[in-house]
Amino acid sequence: AIVTLCDLIPSLRILFPSILRRVVSDDDLPSQSGRNTDDEFASSSQMSRIRLHVLFRKLISAVCSVERPLVLFLDDLQWADDRSMELLSALLERDHLQELDDDHGTHCLFVGSFRSSEVNVHVCIDNFEQSTSVDVTRIHLGGLTRVESNIMLSEVLQLPTRLTSSLNDVVQRKTTGNPFHIITFMHSLVKDSILSYSLPDQRWVWDIEAVKSTSIDN
């Protein structure tokens, strides 16, 4: 089991440099998953998935405690495949969360980010909300406002907001205030020497017409 987890999470090998034996055998799965051994385990691929779920549940149970609460951040869930979402659902099942619970509450927090336009992720989140095993809080993160993005550019370029205002207008229009797109676009301007540091002026300067003609996809 540890070998399997080390293959999935290579950094765990630091903790188990010489572990070669299996800790949990396939025969242990029925009792640990709370399921019967009938047709449910007929498929070897299904057995592998259940085994993986059990291993991750055991791992989280081992590292999560009141002294060391655990936060799992799952980025870009809109690109997760069905098996990954199955694993997440298995980790959020009531019986597993009860294993992590004590008088002070569950010491495990799952944070997932995804694009709000993706329907498949919303379906999974809806299922979590409808269950009674986990508390779900949705936080919508929109783009930066024109004032906020101008403050961002002002701080990065070390210039007053009145001087970065014209640049910000173009950047805001091209990126719709998305912080990641702003950073990427600014990097592309520097790479193309449209935005550069002037030694004589001792400040950042740019060609506003060139900025306007630069594609956000560069």
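Annotations for the structure displayed:
- Selection count, the stretch 119-143, where residues are within 24 Å of residue 79 (Cβ to Cβ), part of a loop (DSSP other than H, G, I, E, B) and touching a helix residue (DSSP H, G or I) at 6+ places or on another chain (Cβ under 8 Å): 5
- Summed over the stretch 54-79, the residues that are in contact (Cβ under 8 Å) with a residue 12 or more places away in the chain and under 20 Å from residue 123 (Cβ atoms) give a count of 5.
- Checking each residue in the stretch 122-135 for being open to solvent by 50 Å² or more (accessible area, probe 1.4 Å), touching a residue at least 12 places away in the same chain (Cβ under 8 Å) and of a type outside the set (Val, Ile, Thr) picks out only 127.
- Taken over the stretch 136-185, residues that are buried (at least 18 other Cβ atoms within 10 Å of the Cβ) and touching a strand residue (DSSP E or B) at 6+ places or on another chain (Cβ under 7 Å) amount to 2.
- Residues in the stretch 35-67 that are at pLDDT 75 or above, open to solvent by 50 Å² or more (accessible area, probe 1.4 Å) and assigned to a loop (DSSP other than H, G, I, E, B): 66, 67.
- Restricting attention to the stretch 90-118, the residues being modelled with pLDDT of 85 or more and either under 12 Å from residue 54 (Cα atoms) or not in a loop (DSSP other than H, G, I, E, B) (or both) number 4.
The values are calculated or read from the model by the stated rules, or taken from the named source; none is laboratory data. Owing to the predicted nature of the structure, the values given are computational and were not obtained by experimental measurement. For neighbour counting, all protein chains shown are included, and Cβ atoms are generated from backbone atoms with ideal geometry for every residue, glycine included. Accessible surface is based on the protein model in full, side chains and every heavy atom, while ligands, DNA and RNA are left aside. Shrake-Rupley method; radii C 1.70, N 1.55, O 1.52, S 1.80 Å.
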